[in-house]
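Worksheet for the structure shown next.
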Amino acid sequence: MQEIIGTSNKVLEVDLSNKSFDIITITDKERVEYLGGKGLGLKLIYDRMDAGVDPLGEENIIAFMGGVLMGTGAPCSGRFDAITKSPLTGIMASSSCGGPFGMALKTSGWDGIVVKGVAKTPTYLAVDSKGVTFKNAKTIWGKDTQASQKVIDKEGTGSVVIGPAGENLVKFANICSGQRYLGRGGLGAVMGSKNLKGIVAKGKEFKIIPKEKEKFDKYKKKAIKYINNNDLTSEAYRKFGTNANVNLANAGGILPVRNFTKGLHGEAHKISGETMAEVHDTKFHTCKPCTILCGHKGTFGGKMKPVPEYETIGLFGSNLEIFDTEAISEWNDICGEMGMDTISAAGTISWTMEATEKGLFDSKLKFGSTDGISETLKNIAKRKGMGDDLAEGTKRLAQKYGGKDFAMNVKGMELPAYDPRGSYGQGLSYAVANRGACHLTTSMFVLEVFLGMMQPYTKRGKHVYVDFGENISTAVNSLHTCLFTAFAYELEPPLIKYTPTFLLNIMVTNMTAVAIKFMDISLWPELWSTITGQKMNTSKFLKAGARINILERYMNTREGISKKDDTLPPRLLQEGRTFDSKKRTVPLESMLKKYYKRKGYDSNGIPKDRTLKKYGIEKK
Amino acid sequence: MEKLKDYSFLCQPKIISGKKSLEGIPLELSDLNASKPLVLAMNNISDKHRKTFTKAFGDSNMSFTLFDGIGQYAGVTAAREAAILFRERGCDALIALGDGPVMNIAKGANILLSMDKHLHKLTNDVEINQHMKPLVYVPLGAAMGLEATSKADIDLNLYDSPFLYPDLIVIDDRLVIDASVEDMNYSALMALTGSIESSSLELSNPMADSYAHASLAYISENITKGIKKKKKNSCLALANGAVMGSIAYSNAPEGIVYTTSKAIERLLGHSAAAVAGLLLPHWLELKSADKKPVRDVLMLALGGFDVYSSTPKKERPHGGVNLLEDLIHNMDDYVPLDLKSLNIPQYKLKEIAQYATETNSTIKKKDILTLLERAYDREEI
């Protein structure tokens, strides 16, 4: 088998309109500045795509990018990214996935694949080390994601496909790889608009060898040790999956209930990871390779199926006031097979329930009732009946029917399952995240609620951590490794681990800049550096994260994004929750002002020229 | 331009404007058989406004309940909360201390209180056909065009009924002078839009015209002194102009500039007033090019009698458009150069036009597209 030392630095550039492909060579400068994965994908799109293109038009580009760590055996490194302009939000979107396509693509000799144009007829791409073959997808067009993969996976070791939702341009259609998804932002609709049913990569043609193998092995060992020592990564998530969050969120008052009108529920324990492990006899079902092992499968209706993740459980469960895990599993399956993001699908269903209750929309969906949800999800994917309206997501529904105050989205993307009225920093993070309401850009609820390191109901220092978190998560998504490694890599180094909790909490809240310096995040850049053989330290790593984040913001501002869009649904800014002893709403305005200043944006949220210059971003 | 042979004109509200006019509210409420008003205000209402308003009730022995939970968005939930508070506290009148969302919520609460005793549904198809609780509008200088009208925009639904007019409008110089420069500009732009669109109909309504022209004159004469020099009388005149423009607009069908600007605001979040300021001159120029003459009274209203009388008759319509452009030019910081400068992608224009025609079926999609395309890129005109 041939070997790739570190990265191949080759990316396929495919034009579907004229069935041709080319090879892009990644320079050392691009690698250092944009790392890989999301960062590099974004830069490649920025260099090739004008502002203002229709996300569902021929000119939009979608990039699939493997990470630098992919294939090296680094812990939790089986992840890849897709980056494009989202039809749901009209701005840049990226999504990360632990399916087999990333490994297949990288071991076919490619660091990524960039696709533009529109195929004349339904097409799928077969990739190997020689390049791309354009194949007729007529026989699988209309088939669900699992059936489609069964067909095209015969030609390789990993694929990405869309389901009927992507074909029908559902604004929150996703892309499937194995039983994992590039979930958010409607990336599946972009593939659908290009008549692109899937991409399969042959894989196993190359072995990936880190440039400095010995050093790499040392850091890998340290990383595994940290993961195995950390309570969240080795205990909670390993035993109960991401649904370990249910009880934590409920206790902290941030669980979404009844379309974000309450933050806790007496029956929440029924959908918790602890209960699911017992009732559904769960086992590991993870991305590969993985050390944390948060993905689980279990027995539902007598069959072994993937356990719905926390966001799915929270939004199809407590947020609809439904605590029937069998029903939620069924909806999880429908979304998976049809190829739809469960967060946006469930968010849209909860808007529909409330709008129906308020007489703004005509449907039979009701909070607390499972009736009609399966049928509605299938109708959304097929754009049948009211499903055609719902396929547009909550922002457009509210524009058409009213109900904007309870249309729980930011920039058009539906809210994940954490209520920011119990975590003000999360409110800021949702409002400013580049792809819209995103819980992964900066997971402030972890600091404020799960770990209790910061006061959740204050504004103090939140802008600093949101900025820091954005830079870290963007860099990690560009390596690319699992964001959950952050729990272990940030909290397990001795300096943090052995500092008394009370002292740590005081420092985090009152001495933000010192606390950040105190944090040892060197493991990520060390892993990156030993694989590529290029120098990278913590400061350069964070700067790369900031650069990618600001480039994405700048690209979004070219699409019309500004301060007016960095906001939250009116419900979170104006309405209190029933259980709070005093009315609590997110005090966004003042946090936003400080955040802009820290980021180097003007008062309207636009990156200043000098900020772009600082990061070497050429204005277009 | 023909005048309507038969026309109707409705101006329900009594208007009190000037110094210390706030102090007249208790007496006026008594005349409306009310004594326990619910006062609605924004959640960021200033202490000064709060104190000035409270002081005005000082000697009257009349008390009020304050609901200051209104944010930037006028949604059903806030209207319900206000209606519930109204009932709980046994109130008998509504006072909107503020513009835009405050007045919309006040109208929404009034619909709920008067039409649906159980507060179940507030939907667009509610037929509003009965007298409501007394409603008072107290502007803070940030009017968005619908406050003094028979219309309400609640949760993106437009309600229209003569019963939605406020009963009383109280314009007090102590309150309107504190409006921000941005709010004053936007308020003036919405009044210009309402006035110009209502007085540009094929068949003109002379009563509506007189309100529209008075509004234009007030704004044209006072905008600089009001906004840049913050003169009390000018700020008061601008608020008066906004109310008069609003009343003229209430007696006319919704025009293309208003509809399109609102569509852009709803879809993309840009201020409708700023967009209206951009679209207005383009629309008038398109009208001229289409041989639908711009009325020469626009020049009279904006330029005054001296300018009007010294301009040859043929040149007056075009001169009016030029004066409007000059006026808007003075608000350049708040009016975009073109739609492109707002980073609105060109592929969105069709979506905007479609949405606008869905909200106002009297306007043709192709006319909206023509207007949007003309306003898209200044360099291409």
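What follows is calculated from the coordinates using simple rules that are stated; it is not laboratory data. These numbers were taken from a predicted model, which means no experiment stands behind them. Don't worry about glycine lacking a Cβ; one is built from the backbone with ideal geometry, like all the others, and counts go over all protein chains shown.
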Can you tell me the relative contact order of the range A:258-387? Whole percent, Cα pairs under 8 Å, sequence separation 6 or more.
20 percent
Is the shape of chain A best called rounded, prolate or oblate, per the rule: a/c under 1.5 gives rounded, else a/b larger than b/c gives prolate, else oblate, with a ≥ b ≥ c the square roots of the Cα gyration tensor eigenvalues?
rounded
For chain A, what does -39500 (n - 2.57) per DSSP helix run (n ≥ 4), summed and divided by total residues, give at 222 nm, in deg cm²/dmol to the nearest 500?
-11500 deg cm²/dmol
I'd like to know which of B:Gly194, B:Thr357, B:Ser246 lies farthest towards the positive end of the charge dipole of the range B:181-380, counting +1 on Cβ of Lys and Arg and -1 on Cβ of Asp and Glu.
B:Ser246
About its Cα centre, how strong a charge dipole does chain A have in debye, to the nearest 20, once Lys and Arg get +1 and Asp and Glu get -1 at the Cβ?
1380 debye
Approximate spin-label separation A:Thr27-A:Ile209, in nm, with each point projected 7 Å along Cα-to-Cβ
2.9 nm
When Lys and Arg each count +1 and Asp and Glu each count -1, what net charge do the other residues less than 12 Å away from A:Thr282, Cβ to Cβ, add up to?
+2
Mind running the shape call on the range B:48-116? Use the C-alpha gyration tensor, a ≥ b ≥ c as the square roots of the eigenvalues: rounded below 1.5 for a/c, prolate if a/b tops b/c, oblate otherwise.
oblate
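Report the extension gain between A:Ala251 and A:Asp609 in nm, rounded to one decimal, defined as 0.36 nm multiplied by the number of residues separating them, less their alpha carbon distance.
Roughly 124.4 nm would be gained on extension.
Among A:His296, A:His269, B:His318, which comes first, second and so on when ranked by fewest other beta-carbon atoms within 10 Å?
Listing A:His296, A:His269, B:His318 from fewest to most nearby Cβ atoms yields A:His269, B:His318, A:His296.
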Hey, what's the Kirkwood Rh for the range B:221-373 if you take every pair of different alpha carbons, in angstrom?
16.8 Å
Among A:Gly39, A:Phe134, A:Thr84, which residue has its Cα positioned farthest towards the positive end of the charge dipole of the range A:1-152, with +1 placed on the Cβ of Lys and Arg, -1 on the Cβ of Asp and Glu, and the dipole taken about the Cα centre?
A:Phe134
Measuring from label point to label point, each 7 Å out along Cα→Cβ, what is the B:Lys314 to A:Lys366 span in nm?
7.4 nm
Nonlocal amide H pairs with A:Met70, under 5 Å, H built at 1.01 Å:
A:His480
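Counting Lys and Arg as +1 and Asp and Glu as -1, each charge on the Cβ, what is the dipole of the range B:181-380 about the Cα centre in debye, to the nearest 20? Show your work: numbers first, answer last.
On the way: 23 positive and 25 negative charges, 51 e Å.
Here the range B:181-380 has a charge dipole of around 240 debye.
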Would you mind checking A:Lys583/B:Lys133; A:Lys564/A:Lys597; A:Lys10/A:Lys43 for any pair whose Cα atoms are more than 20 angstrom apart?
A:Lys583/B:Lys133
XL table A:Lys19/B:Lys348; A:Lys411/A:Lys614; A:Lys38/A:Lys85; A:Lys38/A:Lys395; Cα-Cα > 20 Å flagged, in table order, is A:Lys19/B:Lys348; A:Lys411/A:Lys614; A:Lys38/A:Lys395
State whether the range B:14-176 is rounded, prolate or oblate according to the following rule on the C-alpha gyration tensor (a ≥ b ≥ c being the square roots of its eigenvalues): a/c under 1.5 gives rounded; otherwise a/b larger than b/c gives prolate, and the remaining case gives oblate.
prolate
With +1 on the Cβ of every Lys and Arg and -1 on the Cβ of every Asp and Glu, the dipole magnitude of the range A:262-414 about its Cα centre, in debye rounded to the nearest 20, is 460 debye
Using a simple spin-label model with points 7 Å from Cα along the Cα→Cβ vector, what separation in nm is obtained for A:Glu235 and A:Gln534?
4.0 nm
With springs only between Cα atoms under 10 Å apart, run a GNM on chain B and tell me which of B:Ala289, B:Ala109, B:Ala208 wobbles the most.
B:Ala289
Pick from B:Leu94, B:Leu175, B:Leu27: which residue has the top mean-square fluctuation in a GNM of chain B where Cα pairs under 10 Å get a spring?
B:Leu27
For the range A:221-261, build the charge dipole from Cβ charges (+1 Lys, Arg; -1 Asp, Glu) around the Cα centre, then report which of A:Leu248, A:Ser234, A:Ala223 sits farthest towards its positive end.
A:Ala223
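Given the rule -39500 (n - 2.57) for each run of at least 4 DSSP H residues, summed and divided by the residues of chain B, what is its mean residue ellipticity at 222 nm, to the nearest 500 deg cm²/dmol?
-16000 deg cm²/dmol
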Rounded to whole angstrom, the alpha-carbon centroid of the range A:467-493 lies from that of the range A:375-405 at a distance of 35 Å
Which residue fluctuates most in the GNM of chain B (Cα springs below 10 Å): B:Asp155, B:Asp367, B:Asp173?
B:Asp367
Among A:Glu357, A:Glu337, A:Glu552, what is the fewest-to-most ranking by other Cβ atoms within 10 Å?
A:Glu357, A:Glu337, A:Glu552
Which of A:Tyr615, A:Tyr181, A:Tyr498 has the fewest Cβ neighbours within 10 Å, and the rest in rising order:
A:Tyr498, A:Tyr615, A:Tyr181
For the range A:2-209, what does the relative contact order come out to in percent, with C-alpha contacts under 8 Å and a separation of six or more?
25 percent
